[in-house]
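The structure appears below as structure tokens.
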Amino acid sequence: MNKNYYAVLMAGGVGSRFWPVSTTDFPKQFHDMLGTGETLIQRTFSRLSKIIPTQNIYILTNERYNDLVLEQLPEVQSNQVVTEPAMRNTAPCILYASMKIQKENPEAVMVVAPSDHWIEDEGAFISNLESCFEACSKQDILMTLGIQPSFPNTGYGYIKYQKVEDPVKKVDQFTEKPDYETAKKFLNDGNYLWNAGIFIWSAQSIISAFATFQKKMTTLFEKGSLVYNTKQENDFISLNYPLAENISIDYAILEKAENVYVLPANFDWNDLGTWGSLYDKLDKTDDKNAVVNARVLSQDSSGNMIRTAVDKIVVVDGLEDYIIVDKKEVLLIYPKKKEQDIKKVLKKVKDTYGEQYG
């Protein structure tokens, strides 16, 4: 394996649309959402370790999940878990991790990837990632993997690229989640990809970009350059990290930089952001229900996403396109078409019955 290859797994999110399974204390990346025997973060770590040395994979997460990471990834040493003392979106934590990695290895090229996504063809993913690593090791560029859109999805951001023959395309612009008509136009235009939030660059290139576009943040984190990867690092980060601006890597860097390129991916991908997206990726019963863990007796019921404790018997009759999730003291029975409102439901539950249910 190439000792210059590094990964940063983003594992700090809560995944509230997967409530009641995903909670603030135990979010979705630490659950076996697909019923495979592996949690999402374990699958992602395993996938990346096929191309990246295990000791070069860092996990970026909130302080409260430090023990969960070490429990689920026994291959990881404590120094590989990079914790945020405050939630400040993706830009500050990426800069922080990049500075740590560059100090350890000035020749490092790195992938920044969510810890909770679903990827079908792992061989194609590794091949695409290798191509990006090679390009970023030779040029001062910032890269992302884009997903070929299969329908006008309004839940994803889009990447517009220049129509050239080269497999690696220059990015013209990033667009936040569009409305349906705009998404249809993007598909018709033919040079738009879904933004999967998977980024590749050399540590030097991304730090240089921060120095250009985020001077204040760069100055803040450069103050800790002498203590990164030492025992004094935690004290510095506890004091200074909360002072960083709350801003995403997209707004902070990618939408400003001129050297951003995209490789259209060859693998099937899903961000597993909702129960409906999980339903889409699971095998279905003859009644077109997606089932995780449960034993289901179904009558005149189809299109349902059903998840319970292992081997729990579930009887459904006359129910179509619902989410049915049973978890200890919470039972959710909710229309799939309203799944984006689960965050609002969660707030009502916590306001009514207490924070312990979220």
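Key figures
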item: Whole-angstrom gap from segment 320-358 to segment 233-302, using each part's C-alpha centre; result: 19
item: Accessible surface of the chain [probe 1.4 Å, protein heavy atoms]: carbon and sulfur percent; result: 47
item: Stretch gain in nm, segment residue 204-residue 329, where the contour uses 0.36 nm per residue and the Cα spacing is subtracted; result: 40.1 nm
item: If the convex hull is drawn through the Cα atoms of segment 35-178, its volume per residue in Å³; result: 156
item: Ellipsoid semi-axes in whole angstrom, largest first, where each is sqrt(5λ) of the Cα gyration tensor of the chain; result: 35, 25, 19
item: Ranked order, 189, 166, 268 - accessible area, probe 1.4 Å, largest first; result: 166, 268, 189
item: Those trypsin sites (Lys or Arg not before Pro) in segment 102-203 that DSSP places in a loop and that have at most 11 other beta carbons within 10 Å; result: 163
item: Coil-residue GluC sites (Glu not before Pro) of segment 243-346, DSSP, other Cβ within 10 Å capped at 13; result: 258, 329
item: The chain, accessible area per residue, ligands and nucleic acids excluded (1.4 Å, Å²); result: 47
item: Antiparallel DSSP beta bridges within the chain, as percent of all bridges there, nearest 5; result: 45
item: Rounded Å value of the spacing that divides the Cα centres of segment 117-190 and segment 85-114; result: 22
item: Residue pairs, from the table 170/281; 160/184; 288/348; 284/350; 288/350; 160/336, whose Cα atoms sit over 22 Å apart; result: 170/281; 288/348; 284/350; 288/350; 160/336
item: Residue 71 versus residue 266: modelled label distance in nm, points set 7 Å from Cα along the beta carbon direction; result: 4.0
item: Linear extension gain, residue 86 paired with residue 184, 0.36 nm per residue minus alpha-carbon span; result: 31.5 nm
item: Net charge of Cβ neighbours under 11 Å - reference residue 50; Lys, Arg +1; Asp, Glu -1; result: -1
item: Ranked packing of 152-158, 127-133, most packed first, by mean Cβ within 10 Å; result: 127-133, 152-158
item: Convex hull volume per residue for segment 238-283, taking Cα atoms only, in Å³; result: 169
item: All aspartates and glutamates inside 17 Å of residue 163 as judged from Cα atoms, apart from same-chain residues fewer than 8 positions distant; result: 172, 189, 258
item: Length released on extending from residue 222 to residue 239, taking residue separation times 0.36 nm less the Cα-Cα span; result: 4.7 nm
item: Net dipole in debye of segment 193-250 [+1 Lys, Arg Cβ; -1 Asp, Glu Cβ; about Cα centre; nearest 20]; result: 120
item: Kirkwood-based Rg to Rh ratio, segment 240-355, C-alpha trace; result: 1.13
item: Lysine pairs within segment 1-152, Cα separation less than 23 Å, 8 or more sequence positions apart or different chains; result: 8
item: Filtered trypsin sites (Lys or Arg not before Pro), segment 263-358: DSSP coil and at most 13 other beta carbons within 10 Å; result: 312, 328
item: Compactness of segment 149-299 as Cα Rg over 2.2 N^0.38 Å, two decimals; result: 1.41
item: Against the rule of thumb 2.2 N^0.38 Å, how large the Cα Rg of segment 94-222 comes out; result: 1.15
item: Nonlocal amide H pairs with residue 115, under 5 Å, H built at 1.01 Å; result: 10
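The values are calculated or read from the model by the stated rules, or taken from the named source; none is laboratory data. Just so it is clear, the model here is predicted, and its values are computed rather than measured. For neighbour counting, all protein chains shown are included, and Cβ atoms are generated from backbone atoms with ideal geometry for every residue, glycine included. Just so you know, the surface numbers come from the protein's heavy atoms only, side chains and all, with ligands and any DNA or RNA stripped out. Shrake-Rupley method; radii C 1.70, N 1.55, O 1.52, S 1.80 Å.
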